[in-house]
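Trainee: One structure, pasted below without further comment.
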Amino acid sequence: MAKNNRGKRLYKIPSRGRGTCPLCEKTRIKLLYPYRTEANELLKVCKNCRQK
(Lines give C-alpha, C1' and ligand atoms only; values in the text may rest on other atoms or scores of the structure.)
Protein backbone atom coordinates (compact mmCIF):
# COMPACT_ATOMS: atom_id res chain seq x y z
CA MET A 1 0.00 0.00 0.00
CA ALA A 2 1.13 3.53 -0.69
CA LYS A 3 2.05 5.89 2.13
CA ASN A 4 -0.06 8.95 1.33
CA ASN A 5 1.11 11.16 4.19
CA ARG A 6 4.87 10.59 3.91
CA GLY A 7 6.72 13.93 4.11
CA LYS A 8 3.49 15.95 4.19
CA ARG A 9 4.54 17.65 7.43
CA LEU A 10 7.68 19.09 5.78
CA TYR A 11 5.64 21.22 3.40
CA LYS A 12 4.31 23.27 6.34
CA ILE A 13 7.81 24.12 7.67
CA PRO A 14 9.45 27.26 6.21
CA SER A 15 11.70 26.35 3.24
CA ARG A 16 10.54 22.76 3.79
CA GLY A 17 12.89 22.23 6.72
CA ARG A 18 16.06 23.00 4.79
CA GLY A 19 18.84 25.39 5.70
CA THR A 20 22.45 25.56 6.88
CA CYS A 21 23.44 23.33 9.79
CA PRO A 22 24.93 25.41 12.63
CA LEU A 23 27.40 22.66 13.63
CA CYS A 24 28.86 21.31 10.38
CA GLU A 25 28.01 24.32 8.14
CA LYS A 26 26.51 22.15 5.37
CA THR A 27 24.11 24.10 3.18
CA ARG A 28 20.70 23.15 1.79
CA ILE A 29 20.33 20.22 4.20
CA LYS A 30 17.28 19.20 6.23
CA LEU A 31 17.34 20.54 9.79
CA LEU A 32 14.89 18.33 11.62
CA TYR A 33 16.64 17.19 14.79
CA PRO A 34 16.81 19.09 18.11
CA TYR A 35 20.24 19.61 19.68
CA ARG A 36 20.97 21.25 23.04
CA THR A 37 24.21 23.22 23.31
CA GLU A 38 26.35 23.70 26.42
CA ALA A 39 24.68 27.08 26.96
CA ASN A 40 21.33 25.20 27.17
CA GLU A 41 20.22 26.59 23.80
CA LEU A 42 18.05 24.43 21.54
CA LEU A 43 19.11 24.27 17.87
CA LYS A 44 17.84 22.36 14.86
CA VAL A 45 20.64 20.32 13.26
CA CYS A 46 21.06 17.83 10.42
CA LYS A 47 20.91 14.05 10.72
CA ASN A 48 24.70 13.69 10.80
CA CYS A 49 25.13 16.15 13.70
CA ARG A 50 22.25 14.99 15.90
CA GLN A 51 24.51 12.85 18.11
CA LYS A 52 27.54 15.13 18.41
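Trainee: For the chain, what is the accessible area per residue in Å², given a 1.4 Å probe and the full set of protein chains?
Mentor: Ligands and nucleic acids excluded, the figure is 92 Å² per residue.
Trainee: Take the solvent-accessible surface of the protein heavy atoms, probe 1.4 Å, and return the percent of it on the chain that carbon and sulfur atoms account for.
Mentor: 48
Trainee: Could you list the trypsin sites (Lys or Arg not before Pro) in segment 19-49 that lie in coil according to DSSP, counting only those with at most 12 other Cβ atoms within 10 Å of their Cβ?
Mentor: Here the trypsin sites (Lys or Arg not before Pro) that fit, given the DSSP loop and packing criteria, are R28, K47.
Trainee: Toward the positive end of the charge dipole of the chain, about the Cα centre and with charges on Cβ (Lys, Arg +1; Asp, Glu -1), which of N4, Y33, L23 goes farthest?
Mentor: N4
Trainee: In nanometres, what is the gap between the two model label sites at R50 and R6, each 7 Å from Cα along Cα-to-Cβ?
Mentor: About 1.7 nm separates the two model spin labels.
Trainee: Using only the Cα atoms of the chain, construct the convex hull and provide its projected area averaged over every direction, in square nanometres to one decimal.
Mentor: 4.6
The values are calculated or read from the model by the stated rules, or taken from the named source; none is laboratory data. The structure presented is a predicted model; accordingly, all values stated were derived computationally and were not measured. Using ideal geometry, Cβ is built from the backbone for each residue, glycine included, and neighbour counts are taken over all protein chains shown. Remember, those area values only see protein heavy atoms, side chains included, never the ligands or the DNA or RNA. Shrake-Rupley method; radii C 1.70, N 1.55, O 1.52, S 1.80 Å.
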